[in-house]
Amino acid sequence: MAAGFPGVRLGRATVRWLQSQSSSPLGVIGCRLPVMPGIFSGLPSQKQIRLVHVAGNQSNSANSTVLRRLPFATVSQHDLEFFNKVLPGRTITDPDLLESGNVDWLKSVKGSSKLLLRPQSTEEVSQILRYCNERRLAVNPQGGNTGLVGGSVPVFDEIILSTALMNHVLSFDRVSGILTCQAGCVLENLSSYLEELGFIMPLDLGAKGSCQIGGNVATNAGGLRLLRYGSLRGTVLGLEVVLADGKILNCLVGLRKDNTGYDLKQLFIGSEGTLGVITAVSILCPHKPKSVNVAFLGCSSFQQLLETFQCCRGMLGEILSAFEFLDSSCMKLLETHLKLVNPITESPFYIVIETSGSNEAHDEEKLHNFLETVMSSSLVIDGTVATEESKIKALWAMRERVTEALTHDGYTYKYDISLPVEKIYQLVTDMREHLGDRAKNVVGYGHVGDGNLHLNVTSPTKDPALLAAIEPYVYEWTARFRGSISAEHGLGLKKKNYIHFSKPPEAVAIMGNIKSMLDPHGILNPYKTLPDYLS
């Protein structure tokens, strides 16, 4: 129920895609889609996509490349017979059923795969990859297909390998809190399963209703609980991975400490399916908190928001589980497109703070003292607090549904940037000044606790001139302050050629060597993550 305190009311980086010829196998939604050849016909070697970045009136040659289909084999009748034998009734060639697997969540990239495979076990994945490696058939691993950088859909005609049917919990140890499950388990289903046992998942995402744990791990997803429980690099204890040649790498340990040799699982966390296909995950899950409170607060400046964050960390300490922000432009989108009602006085910035602990009275006292402090010092101008589940969900909706509201505001250019906390909102301000009236809206929201900004620029329609004004400006700005061009979304297809803004050439070269060692024929998720010159 609502609580009160004195004096207040409570209650991508998208690259510009141009088809080099009308028969290019990649259609970009909003452009004329090509007519695809028959399912068993080969793709001519000249099939290509041109990725062009234009800065002002000049083409940036460093990011202007012709993406050509690599010399992989094409699916034959003999291949189909093999896959039907391995996966009876789960070898999909129906174009209507393939449609959703060929299009990314943003509906910005469309592939032309003619084959979708739906294995149910690690052994089936092993048979598939062993065969594809021998035949030089390219494979696109796919989980819930909720990615934002074009990493989860085919670029040309790669075979889609879906983990959707690999959705079983294998074990759960109530003493240690270690969950072991198949990669295709939907995050929300895992959360429901654990909550009945008195535990929670260590990550929470807006796409939890459709994203899969294997994809979460493959992209090193962050989310709303990272401040409290850390990244997946810490909570994932073990992985089972099928390598490109079909070998099964079983590192599915249930130990919190294992200091024997190299920690190989870290290679696959965040590798976006380019080094192996994750088939099972072992993850450490915390106990479900007995006391949860959410505060929704307003600040008159971002500096005051940062000072509130400092005060919050000092006063709430171990019970602080989330500190999120959104700006007034985000709030206007929520009100306009989703008809959500702002629960507090209109403010330039809004904060969502969540506390979770084991002692309700203790947590409420700490939160009350914190709120009194930030109110009396005028860091916060208004706020509301909720402890009931329905009211907590309503307050969280103000942050979680921003992405949904943006989909109603036109074509959206999305950027997932990691920066020093004090620089987070300066990028939004500078981008607005840089773009002027060329953009419909420039909004910022994200995870203050881990320095992660979600910068979104909207336009009535897809606008190449606007994109040219955004990129590479956004990446150059980020590199100037030693930030990362991808905090949690990965590089995928859209950002791979901008990796040099965040990683030195020596590091990129080592990544290429690792890829060549584990996938010498390059069949796993080609055209993704690493820059074109390493393909």
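When the residues of the range 268-322 are narrowed to those that are of a type in the set (Val, Ile, Thr) and in a helix (DSSP H, G or I), which ends up farthest from residue 516 (Cα to Cα)?
Applying the first criterion (of a type in the set (Val, Ile, Thr)) to the range 268-322 yields 269, 274, 277-279, 281, 283, 292, 294, 308, 319.
Now narrow it down to the ones that are in a helix (DSSP H, G or I): 308, 319.
Working: 308: 48, 319: 45 Å.
Only one residue tops the list, namely 308.
Residue by residue, here is whether (1) outside any helix (DSSP H, G or I); (2) among the hydrophobic types (A, V, I, L, M, F, W, C) holds:
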residue: 181; (1), (2): yes, yes
residue: 188; (1), (2): no, no
residue: 192; (1), (2): no, no
residue: 197; (1), (2): yes, yes
residue: 204; (1), (2): yes, no
residue: 210; (1), (2): yes, no
residue: 220; (1), (2): yes, no
residue: 223; (1), (2): yes, no
residue: 228; (1), (2): no, no
**Request:** Take the range 249-259 and flag every residue that is open to solvent by 70 Å² or more (accessible area, probe 1.4 Å) and in contact with a strand residue (DSSP E or B) (Cβ under 6 Å, 6 or more places away or on another chain).
**Result:** 250
**Message:** So residue 165 ticks every box in (1) at pLDDT 95 or above; (2) within 30 Å of residue 447 (Cβ to Cβ); (3) surrounded by fewer than 24 Cβ atoms within 10 Å (Cβ to Cβ) but one. Which box is left unticked?
**Reply:** (2)
**Request:** Specify the residue that is surrounded by the most Cβ atoms within 10 Å (Cβ to Cβ); the eligible residues are those in the range 207-225 that are within 10 Å of the chain's Cα centre (by Cα) and over 11 Å from residue 270 (Cβ atoms).
**Result:** 215
**Fill in**
If we ask which residues in the range 475-521 are of a type in the set (Phe, Trp, Tyr) and farther than 14 Å from residue 531 by Cα, their number turns out to be 3
**Matching residues in the range 354-374 - criterion: being among the β-branched types (Val, Ile, Thr) and either buried (at least 20 other Cβ atoms within 10 Å of the Cβ) or within 33 Å of the chain's Cα centre (by Cα) (or both)** = 355, 374
**Item:** Residues of the range 480-502 satisfying the condition of being farther than 14 Å from residue 271 by Cβ, in a loop (DSSP other than H, G, I, E, B) and small (Gly, Ala, Ser)
**Value:** 483, 487, 502
**Prompt:** Which one of these does residue 137 not meet: (1) among the aliphatic types (A, V, I, L, M); (2) open to solvent by less than 10 Å² (accessible area, probe 1.4 Å); (3) assigned to a helix (DSSP H, G or I); (4) farther than 30 Å from residue 223 by Cα?
**Reply:** (3)
**Asked** residue 307 passes all but one of (1) within 22 Å of residue 353 (Cα to Cα); (2) buried (at least 17 other Cβ atoms within 10 Å of the Cβ); which number fails?
**Response** (2)
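Under 22 Å from residue 373 (Cα atoms), in contact with a Leu (Cβ under 7 Å, 6 or more places away or on another chain) and not assigned by TED's automatic domain parsing to the domain that holds residue 191: which single residue out of 307, 318 fits that description?
Details: 318 fails: in contact with a Leu (Cβ under 7 Å, 6 or more places away or on another chain).
Result: 307 is the single residue among 307, 318 that is under 22 Å from residue 373 (Cα atoms), in contact with a Leu (Cβ under 7 Å, 6 or more places away or on another chain) and not assigned by TED's automatic domain parsing to the domain that holds residue 191.
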**Among (1) at pLDDT below 95; (2) in the same structural domain as residue 203 (by TED's automatic domain parsing), the one test that residue 150 misses** = (2)
**Prompt:** Hey, which of the strands (runs of 3 or more DSSP E) in the range 376-458, taking only ones fully inside, have at least 3 residues that are farther than 14 Å from residue 470 by Cβ and assigned by TED's automatic domain parsing to the domain that holds residue 336?
**Reply:** 382-386
**Request:** Could you tell me which numbered condition residue 262 fails, if it satisfies all but one of (1) assigned to a loop (DSSP other than H, G, I, E, B); (2) crowded, with 23+ Cβ neighbours inside 10 Å?
**Result:** (2)
**Message:** Please go through the range 314-347 and give me each residue that is in contact with a Phe, Trp or Tyr (Cβ under 8 Å, 6 or more places away or on another chain) and open to solvent by 30 Å² or more (accessible area, probe 1.4 Å), ordered by number.
**Reply:** 315, 328, 343
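Looking at the range 75-105, which of its residues are open to solvent by 50 Å² or more (accessible area, probe 1.4 Å) and within 23 Å of the chain's Cα centre (by Cα)? Break it down into steps so the answer makes sense when it comes.
Filtering the range 75-105 down to residues open to solvent by 50 Å² or more (accessible area, probe 1.4 Å) leaves 77-78, 81-82, 84-85, 88-89, 93-97, 99-100, 105.
Correct list: 99, 100, 105.
Condition check ((1) touching a Phe, Trp or Tyr at 6+ places or on another chain (Cβ under 9 Å); (2) open to solvent by less than 10 Å² (accessible area, probe 1.4 Å); (3) at positive phi) across all residues:
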| residue | (1), (2), (3) |
| --- | --- |
| 423 | yes, no, no |
| 437 | no, no, no |
| 448 | yes, yes, no |
| 452 | no, yes, no |
| 474 | yes, yes, no |
| 482 | no, no, yes |
| 509 | no, no, no |
| 525 | no, yes, yes |
**Prompt:** Regarding residue 273, is this residue under 18 Å from residue 167 (Cβ atoms), out of contact with any Lys or Arg (no Cβ under 9 Å at 6 or more places or on another chain) and modelled with pLDDT of 95 or more?
**Reply:** no
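Counting just the residues of the range 120-134 that are of a type outside the set (Val, Ile, Thr) and closer than 16 Å to residue 273 by Cα, which one comes out most open to solvent (accessible area, probe 1.4 Å)? Please lay out each step first, then the result.
Going residue by residue through the range 120-134, those that are of a type outside the set (Val, Ile, Thr) are 120-121, 123-124, 126-127, 129-134.
Next cut, closer than 16 Å to residue 273 by Cα only: 126, 129-130, 132-133.
Numbers: 126: 7, 129: 0, 130: 103, 132: 0, 133: 23 Å².
So, considering only residues that are of a type outside the set (Val, Ile, Thr) and closer than 16 Å to residue 273 by Cα, the one most open to solvent (accessible area, probe 1.4 Å) is 130.
Would you check if residue 466 is in contact with a strand residue (DSSP E or B) (Cβ under 6 Å, 6 or more places away or on another chain), farther than 23 Å from residue 490 by Cβ, open to solvent by less than 30 Å² (accessible area, probe 1.4 Å) and modelled with pLDDT of 95 or more? Before the answer, list the steps.
On the way: in contact with a strand residue (DSSP E or B) (Cβ under 6 Å, 6 or more places away or on another chain): yes; farther than 23 Å from residue 490 by Cβ: yes; open to solvent by less than 30 Å² (accessible area, probe 1.4 Å): yes; modelled with pLDDT of 95 or more: yes.
It is true that residue 466 is in contact with a strand residue (DSSP E or B) (Cβ under 6 Å, 6 or more places away or on another chain), farther than 23 Å from residue 490 by Cβ, open to solvent by less than 30 Å² (accessible area, probe 1.4 Å) and modelled with pLDDT of 95 or more.
The values are calculated or read from the model by the stated rules, or taken from the named source; none is laboratory data. Keep in mind that what you see is a predicted model, and the values were worked out from it rather than measured. Ideal geometry is used to build each Cβ from the backbone, glycine not excepted, and the neighbour counts take in all protein chains shown. With ligands, DNA and RNA removed, areas are computed over all heavy atoms of the protein, side chains included. Shrake-Rupley method; radii C 1.70, N 1.55, O 1.52, S 1.80 Å.
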